[in-house]
Amino acid sequence: MTLLLQIITLIGSVAMLMYGMKVMSEGLQKMAGSKLSNVLGTMTTNRFSGVLTGAGITAAVQSSTATTVMTVSFVSAGILSLSQAISVIMGANIGTTLTAWIMVLGGGSFDMRLVVYATIVLAVALIYTKKNANLGDFLIGLSLMLLGLTTLKINATEMKLDEIDAVRNFFDATSSWGYGSYFLYLLVGGILTFAVQSSAAIMAITMTLCSVGVLPIDMGISLVLGENIGTTITSNIVALSASIQARRAAMAHLVFNLFGVIWVLCIFRPFVGLVCKLWAVPFEAGVRPEEGISPEKLSAILATFHTLFNVINTCILIGFVKYLEKLVIWIIPSKPEQKDTDSQLRFISGGLMSTSELSILQAWKEVHVFAVRTQRMLGMIHDLYYETDSAQFTKIFSRVEKYEGICDRMEYEIAQYLNNVADGRLSDQSKHEVHKMLRIVSELESVGDSNYNLSRFIRHKHENNVKYTEDQDKNVEMMMYLLSGAEAKMVEALEHVNISEDEFHQMTNMENEINNFRDELKMKNMQDITDKKYDYSVGVNYMDIVLELEKMGDYIINVEEAIYEHKHDK
C-alpha cells in the first residue's frame, strides 16, 4: 500500500507541477497579454533585438509555446518576416531555461512549503476580494508549481530509488553503451516530452532522478537534449494544417534544436565534464554521481547545461539566420498545390492555441481576413451586374456562390475557436473582447449572405432579360459606390481593431445617406411604375437589389458599432 501511495503521489506531483505552470503563465498573460503582443511586434527590428524579445517574453510568461504561437501569428499576418520570427524563436529557447533554474530553487534544501502555503493564502485573498485577481492567479500557479516540485523531491527521497536494485540495475544496464546510451536517452526524452506535452515536467523528473543518485549526469543531460527536440514536435504536427509560413516557422524551431543537438553530441563528454567542473563535481561517463554530492548541485548542473547549450547554440546560429530561413523554405517549398486557398483559415487552428489571452490576437487577424473576403464579394457583384456574356456571367456567379460557402464555414470555425478561447481563464476585458468578436463574425456572415442574395437577384435579371432604365442603372451604381466606401472603412477599422469617434460619426452619416437614398428610390420606383416607365416585375427586381444593398449597409454599420464599443466602452 505504501508503494502504491508513493506512485500516486509521484504522478500527482507531476500533474500539480504542469497545472501550476499553466496557471502561472495564464496569470501573467492576463496581466500583460496585449502588451506582450505589442512588444513582440515592435522590438524585433533586427535579429539581436528579436532574440532579446523572445527571451524576455518567454521568461515572463514561462512558456516558449506561447511565444511561438504569437510569433507564428505575426509571421502569417506579415508583421514579422520569417527571419525575424526565427530570431524570436531562438530567444524563446533561451528564455525557457529560466524554468530549470526555478526548479533548482524549488528543489533546494529549504522546504518551500513554508513559503508556498503563505503565498496561497495571499493569492486566495487577492482572487476572492477581486483586487489584483490576475496577480492572485499568478501566485497560485507559482505556488502549485513549487509545491509540485517539493513534493516530487520529497517523494523521490522517501521512495529511496537509489536503494532499489531493479531501478539501479536498469539505469546501469542502459548507461553502459557509450554513445548508444546517449541516443537512447535522447530518444526517450523526446518521446516523453511529446507525450506529456510539457518539457518542464520531464525536466523536473530528470532533475529528481539525477539528484537522488540513480541516473548518471550524462544520461540526464541526454534526456534534456531530447526534451529540446520533443518540445518542437507538437508545433510541427499542429502546423501541418496551418499556413505555409506557420509551417516554416515551426520547422525553423526544429532545425535550430536539431543543429544544436548534433554539434553538442560531437563534443558531448568534454562539454558535460566542463559543466560538472564549474560545480566542482567529478564526472565519469555512464557512472552515477558519488555519494555525498548535494542534490542541489546535481540539479544545478542540468540547469547550467540547459542554459549554456541554448545560449551557445543561439550565438552560433544568430549570424546564419538568413541561411536558416533559406533552408526551411527549401524544406517546405511554395508549390502551387500548397498555397493558401480562400477556404482556408490563415491565422488560427485549434492545435496552435495554447493560451487564451494571446489567442485573441490571432482571432482578430482572421476576422479581418473574413471582412476582406466579403469586400471582395461586393466587387464580384459589381462585375456580375454589368456582365453580358453568359459564360462569364456563370463563372462569376459560381465564384460568389463559392465565397458564400466560405463565409459560412469561416463564421462557424472562428466562432468555434472563440468559444474554445472563452473556455480558458480570461480577464473581464478579454471576455468582453470575445463577445464583440462573436457579434462581428455574425454580422460579417450576414454581409456574405447579402452578397449571395444580390447575385441571385442579378441572375434573375440576366436570365429573364430584364432591362433597367438608365436612371435605375445609375441608382444601383450609386448604391454600390456608397456600400463599397462603407465596407472599405469597415475593413480598415478591423485591420487596426480601432475606430475613432470622428470616423464612427462619418460611418453613421454614410449609413444615414444610404437609408435616405433607399427611401428616395422606393418612392421614385412607385411613381415610375405608376407612370408606366417600366413594368411592375422590373420594379420588384430593381427594389430587391436596392433593399438588399441597404440591408448590407446595416450589417456593416453594426460591425463598426461593435468595434467602436469595444474600444470606447472600457
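No value in this document is a laboratory result; all are computed from the given coordinates. Here the structure is a predicted model, which is why all the values come from computation and not from measurement. Cβ coordinates were reconstructed from backbone atoms using ideal geometry, including for glycine residues, and neighbour counts include every protein chain displayed.
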Taking R0 as 51 Å and r as the Cβ-Cβ distance between F259 and D502, the FRET efficiency 1/(1 + (r/R0)^6), rounded to the nearest 0.05, comes to 0.45
Computed over the range 384-464, the Cα gyration tensor eigenvalues, each multiplied by 5 and square-rooted, give semi-axes in Å (largest first) of 37, 11, 7
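Listed highest first by mean packing, meaning other Cβ atoms within 10 Å per residue, what order do 523-535, 199-211, 275-287, 371-383 come in? Please list the in-between numbers first.
Values: 523-535: 13.3, 199-211: 25.6, 275-287: 16.0, 371-383: 19.8.
Result, highest mean Cβ count within 10 Å first: 199-211, 371-383, 275-287, 523-535.
Grab the Cα-Cα distance for N46 and I312, subtract it from 0.36 nm times how many residues apart they are, and report the gain in nm with one decimal.
Using 0.36 nm per residue and subtracting the Cα-Cα distance, I get 93.9 nm.
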Phi-derived 3J(HN,Hα) across the range 208-221 with the Karplus relation (6.51, -1.76, 1.60, θ = phi - 60°), rounded Hz, x for Gly and Pro, is 5, 4, 6, 5, 8, x, 9, 10, x, 4, 5, 6, x, 5
To the nearest 20 debye, the range 350-568 has a Cα-centred charge dipole, built from +1 on Lys and Arg Cβ and -1 on Asp and Glu Cβ, of 540
Checking rank on 86-94, 264-272, 293-301, with mean other Cβ inside 10 Å and highest first, the result is 86-94, 293-301, 264-272
Between F320 and I154, the two model label points (7 Å from Cα along the beta-carbon direction) sit apart by a distance in nm of 4.8
Percent of all Cα-Cα pairs per 10 Å bin for the range 375-529, counting from 0 up to the last occupied bin, reads 9, 30, 32, 20, 7, 2, 0
Scoring the range 350-568 by relative contact order with C-alpha pairs under 8 Å, at least six apart, yields a percentage of 30
Packing-ranked peptide list from 401-413, 250-262, highest mean Cβ count within 10 angstrom first, is 250-262, 401-413
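Can you tell me how much longer the chain between A173 and A415 gets when fully stretched, taken as 0.36 nm per residue apart minus their C-alpha distance, in nm with one decimal? It would help to have the intermediate numbers written out before the result.
Details: separation 242, 0.36 × 242 = 87.12 nm, distance 5.36 nm.
Net length gain for the segment: 81.8 nm.
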Along the range 481-498, Karplus-curve 3J(HN,Hα) (6.51, -1.76, 1.60; θ = phi - 60°) to the nearest Hz, with x for Gly and Pro, reads 5, 5, 5, 5, x, 5, 5, 4, 5, 5, 4, 5, 5, 6, 5, 9, 6, 7
Full extension between A391 and V540 adds, at 0.36 nm per residue less the Cα distance, a length in nm of 51.0 nm
Phi angles of the range 368-376, converted by Karplus (6.51 cos²θ - 1.76 cosθ + 1.60, θ = phi - 60°) into ³J(HN,Hα) in whole Hz with x for Gly and Pro, give 4, 4, 4, 5, 4, 5, 5, 5, 5
